[in-house]
Amino acid sequence: MHLAALALVLALLAGSTYAADEAAQLATASGTLQGTLTLPARAAPRAPVALLIAGSGPTDRDGNTPLAAGRNDALKLLAQALADGGVASLRYDKRGIAASAGAGSDESSLRFDDYVDDAAAWAAQLARDPR
């Protein structure tokens, strides 16, 4: 992340007013996916929500990967900044990654469509949430 962008994110978080993180789960045929729902403190009824999907490789819901030294928490920081702006968000561990490791079958049998189906199912679950 560019140093100026990181400084901006940290400045926003210094005055962070996001309400809370809630555990979220999605049952799938191969196991349960684990996620985090971040809610704004001042959420309007039916607040907008963003679905944050971790990048390629073994990247967890917070944006961290064991392939890089240290933690960056980029997606967690993004979720908190969105909440400060009144937008809820849900981020999740993909199949076979971190807390969703049990939902991942053999990696060689996973297909792009599996990940698309997971994102669509999370979006449908969010649409049913009355908040």
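Which of the residues that make up the stretch 39-63 are over 11 Å from Tyr92 (Cα atoms) and either modelled with pLDDT of 95 or more or among the β-branched types (Val, Ile, Thr) (or both)? Within the stretch 39-63, Val49, Ala50 meet the criteria.
Scanning the stretch 102-114 for residues that are in a helix (DSSP H, G or I) and surrounded by 14 or more Cβ atoms within 10 Å (Cβ to Cβ) yields a count of 2. In the stretch 61-75, the count of residues that are under 11 Å from Leu33 (Cβ atoms) and either without any contact (Cβ under 8 Å) to a residue 40 or more places away in the chain or open to solvent by 20 Å² or more (accessible area, probe 1.4 Å) (or both) is one or more.
When Ala123 is tested against (1) assigned to a helix (DSSP H, G or I); (2) surrounded by 19 or more Cβ atoms within 10 Å (Cβ to Cβ); (3) touching a strand residue (DSSP E or B) at 6+ places or on another chain (Cβ under 7 Å); (4) not acidic (Asp, Glu), only condition (2) is not met. Remark: Asp93 matches the filter, which requires a residue to be touching a helix residue (DSSP H, G or I) at 6+ places or on another chain (Cβ under 7 Å) and under 20 Å from Thr32 (Cβ atoms). In the stretch 25-52, the residue that is least open to solvent (accessible area, probe 1.4 Å) out of those that are within 16 Å of Tyr115 (Cβ to Cβ) and assigned to a loop (DSSP other than H, G, I, E, B) is Ser30. Filtering the stretch 62-73 for residues that are in a loop (DSSP other than H, G, I, E, B) and closer than 21 Å to Ala123 by Cβ leaves a non-empty set. Restricting attention to the stretch 22-60, the residues being at positive phi and touching a residue at least 12 places away in the same chain (Cβ under 8 Å) number 2. Screening the stretch 76-89 for residues that are within 11 Å of the chain's Cα centre (by Cα) and open to solvent by 50 Å² or more (accessible area, probe 1.4 Å) and picking the one that is farthest from Ala47 (Cα to Cα) gives Lys76.
The values are calculated or read from the model by the stated rules, or taken from the named source; none is laboratory data. These figures come from a predicted structure and were not determined experimentally. Don't worry about glycine lacking a Cβ; one is built from the backbone with ideal geometry, like all the others, and counts go over all protein chains shown. Quick note on the areas: whole protein, heavy atoms, side chains included, nothing else; ligands and nucleic acids left out. Shrake-Rupley method; radii C 1.70, N 1.55, O 1.52, S 1.80 Å.
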